[in-house]
Structures are given as C-alpha cells and as structure tokens.
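J.: One structure is given below, represented as structure tokens, and several questions about it will come after.
The values are calculated or read from the model by the stated rules, or taken from the named source; none is laboratory data. From a predicted model like this one, the values you see are computed outputs, not experimental measurements. A quick note on method: Cβ atoms are made from the backbone with ideal geometry, for glycine too, and the neighbour counts reach across all protein chains shown. The accessibility values were calculated without ligands, DNA or RNA, using every heavy atom of the protein model including side chains. Shrake-Rupley method; radii C 1.70, N 1.55, O 1.52, S 1.80 Å.
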Amino acid sequence: MQRRLALERSAPLWLSLRFFLSAPLFALLAGAVLLWQGGPALASRWTPAALAMTHLITLGVLSMVIVGALLQLLPVVAGIDIAAPRLSATVIHLLLCGGTLLLAAAFCWPRPALFRAALAPLVLALGWLLAACAAGLWRARPGPAAAMLTGVRIALLSLFLTLLLGAAMAAALGWTRPLPLARLADLHALWGMPGWIGVLVVAIAYQVIPMFQVTPVYPAALTRTLCPALLALLAANCAAQWSGHWSATPLRALLAAAFALFALVTLSLLARRKRPAPDATTLFWRVSMASLLACAALACAPWDEPRRALLLGLLFLLGFAYSAIVGMLYKIVPFLLWHHWQEMGLARPVPSFRLIITEEAARAQFWSHLGALALLAAAVLWPELARAAALALLAATLFLARNLWRALRLAPTRA
C-alpha cells in the first residue's frame, strides 16, 4: 500500500475546500427538517421528512465530501488526473448543491414540478463526476495504489447504477409514470449506501488509515479481495431483491459479514497505531467501525420493519460513513492548508499542522457528535426524543462548521 504522496500534483486548494465547507450546511438542513417535523418524521423510512433528510445527508454531506476528497486523492495518491479539474469542480459543486436542495424540497412538499427540477442538476452533476474520473481511471496502470483504485472504480460503478435508479424514480414522480417505486427504492438504497458510500469509504481507508493514523498497512489479501467481493455480493443481493427473495436469502448476511470483517481489521490496526494516545480522528474511526458492526448485526436481526430499517440507515449513514468522513476532515483540511501555505513560500512562518485545528477543538466536537448520534438512535425507538436529537445534531454540526471555518482563516491568501 502506498504511503508516499505526489504532492506536486495536488489540486488547487479551493477545488476541494468548497465541497468540505458546504457539507455542514446540508447537515444543518437535515437537522432543521427533523426539528420542524419532530417524531412523525421517524415513523418509517418512507415519510417525506425521512426521505428529505436521507438525501440531504447522502448527497449534500457524504457525496459532497467524497467528491472533494477524490479531487485530491486521485492525483496525489494514484497519479490520476481529473478531466478539466477547475471547471469540473465548479460545475459539479453548483449542480450538486442546487439539485440536492431541490430534491429535499420535493420530498418535503411533494410536487411533480420539484422532482422534475431536481432531476437535471443531479444527473448532470453526478454524470459529470463519472465522466471526469473515467478517462484517468481507464488509463491507470497497476501500482502501489491499485487496491484503492479498484475500490474507487467499484464505488463509481455503484454510483452510476444508483443514479440510473434514482433518475428513473424521480422521472416517475415528476411525470406520474407507473413504476414499481418500492422495489426500485430498495435497489437504489442498496447501490447507493453499501455500494457507492460504503465501498468508497473502505477504499479511502486503505490509504488514509495507515497514513494519518500511523498504523500498519491493511493485509494485502484483504485489500486485494474485499472490494471485488463486495461488488459480487451487491450484485447477488440486487438479483435476490428484484426476484422478491430478499428476506429469505443468506446473501444479506454475507454482505454484512464482509463489511464487519473490514471493521474488525480496521479496529485491530487502530489498536496497533504507533502513537499510543488516540487523537480525535482515531475516536471518530472507532465510532465509525463500531457503528458498522452494529449495522452488520441489525442487517441479520429478525426484527420487523419499520424501526429496524430506520435504525440501520441511521447507523450506516451517520454512525459509520459520517463519523469516518468527519474524522478524515480533521486530518485532510489541516494538511491541505499546511501544504499550500508551504507551497506559496510566504515570508511569515507556516503554522504548525496541529494548531490549524487543535486537538482540543476536534475532541470536543467528537463528544458532541457522539451525543447526537446516541440521541438520534434513541429517537428512532422513542420518537418523542426527535426534537432533542435534532437540537443535538444541529449543535454538533455547528461545532464542526466552526472548527473548519476557524481553520480557513489561516488559509493562504493566494491559494
């Protein structure tokens, strides 16, 4: 696994930062929707508010940060150039922000015109991302980052399928066409959550856990086989769901076990890190992996809908993926600012990497995040806690935004 970075190939600072700084705004909107709707929003995963919050998190927070990370990681780690990076970043960011807002509005105030309005910007944003990455990934040769690139390719394929299914449903809602929406929604969630988001977090972890957490590298046998195995299991689960045998098949348990294996290996690596005292990012990763293990257990639990599905989605999106992504932000954002400050060669001294976002600020935000996650999980079971959970999510997100914006104040003025 490659640890050496080609920093001379890093993208301009603001290409990624615009995505990172936008993500907390969409998390705030998700919290505001829950505060507005309260307990009824958590009656099932099909309520308009639950659907709006889900897409604000998946598109506006998780995908937003993932796109920003790819703009930096692919050139620096694997030497892969994004096509027209400045134009691509600007267009994708604007379209993804606008399309996500329109889609959330369409769920909150169901009107065909809003679904039609959301369809074009989201298809263009995610289609542009796929096209911008495709050429470089197609030409990439095997190398030290091959395992990560395999995961990125599988995640982008999952995103393509997620986009097709989501576009079909949005078109059906926008033009009132008859489609099996419930079945398509299950497939959309399968390819979008464990496929696009789950596989990409796994692939990025191969690089950032050893690099930023100073751990041993992931076992070669795992990095070589896990993402292809996840793709095979996703395809098999997709076929089982479409045929109507989803509840009777052990394939769901196998998919859960594959993710659980990744979580256990990651926790083992974190326990062997060379710096014995855990920092805030270590704590975020531990919560992420614990949430993933809880998701694996829930996926196999003989517990009927709707609470199980809602809790499973919450733990996967906010417990697993969001925790990992916030932990990465606390390393990636200071590193980008520090590196670009050095590149500019200014007369004034470069601030210490550890002072751009202090450990105390990151750790305090971690505890607020953990409290919000616990309250949100409790609110799924006891909906009367929904507004308290919403306030906790808003507070934790404001804390994150404050930490990121304070770091930004140290950004080089000619980035």
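J.: Please turn the phi angles of region 205-212 into ³J(HN,Hα) values with the Karplus equation 6.51 cos²θ - 1.76 cosθ + 1.60 (θ = phi - 60°), one per residue in order, whole Hz, x for glycine and proline.
T.: Values, residue by residue: 4, 3, 8, 7, 5, x, 6, 8 Hz.
J.: How are the alpha carbon pair distances in region 85-130 distributed across 10 Å bins from zero to the largest one, expressed in percent?
T.: 31, 48, 18, 3
J.: Which is the longest run of the chain containing none of the chymotrypsin sites (Phe, Trp or Tyr not before Pro) found in DSSP loop states (not H, G, I, E, B) with at most 15 other C-beta atoms within 10 Å?
T.: The reported range is 47-174.
J.: Restricting to DSSP H runs of at least four residues, report the calculated mean residue ellipticity at 222 nm for the chain, -39500 (n - 2.57) per run over all residues, nearest 500 deg cm²/dmol.
T.: Mean residue ellipticity, 222 nm, calculated: -24500 deg cm²/dmol.
J.: Determine the order of Cys133, Cys97 by accessible area, beginning with the largest, at a probe radius of 1.4 Å.
T.: Cys97, Cys133
J.: Could you state the orientation-averaged shadow area of the convex hull built on the Cα atoms of the chain, in nm² to one decimal?
T.: So the Cα hull casts an average projection of 18.8 nm².
J.: How big is the gap, in Å, between the Cα center of region 109-178 and the Cα center of region 25-59?
T.: Each part reduced to its Cα centre gives a spacing of 22 Å.
J.: So, in Å, what gap is there between the alpha-carbon centers of region 387-407 and region 220-291?
T.: Using only Cα atoms to place each centre, the spacing works out to 28 Å.
J.: OK, next. Could you list log10 I(q)/I(0) for region 161-222 at q = 0.19, 0.25 Å⁻¹, which the Debye formula gives when each Cα is one point scatterer?
T.: -0.72, -0.96
J.: Please give the length that would be gained between Leu137 and Ala32 if that part of the chain were fully extended, namely 0.36 nm times their separation in residues minus their C-alpha to C-alpha distance (nm, one decimal).
T.: So the chain would gain 34.0 nm between Leu137 and Ala32.
J.: Between Leu267 and Leu25, with labels modelled 7 Å along Cα→Cβ, what's the label distance in nm to one decimal, could you check?
T.: For the pair Leu267/Leu25, the computed spacing is 3.8 nm.
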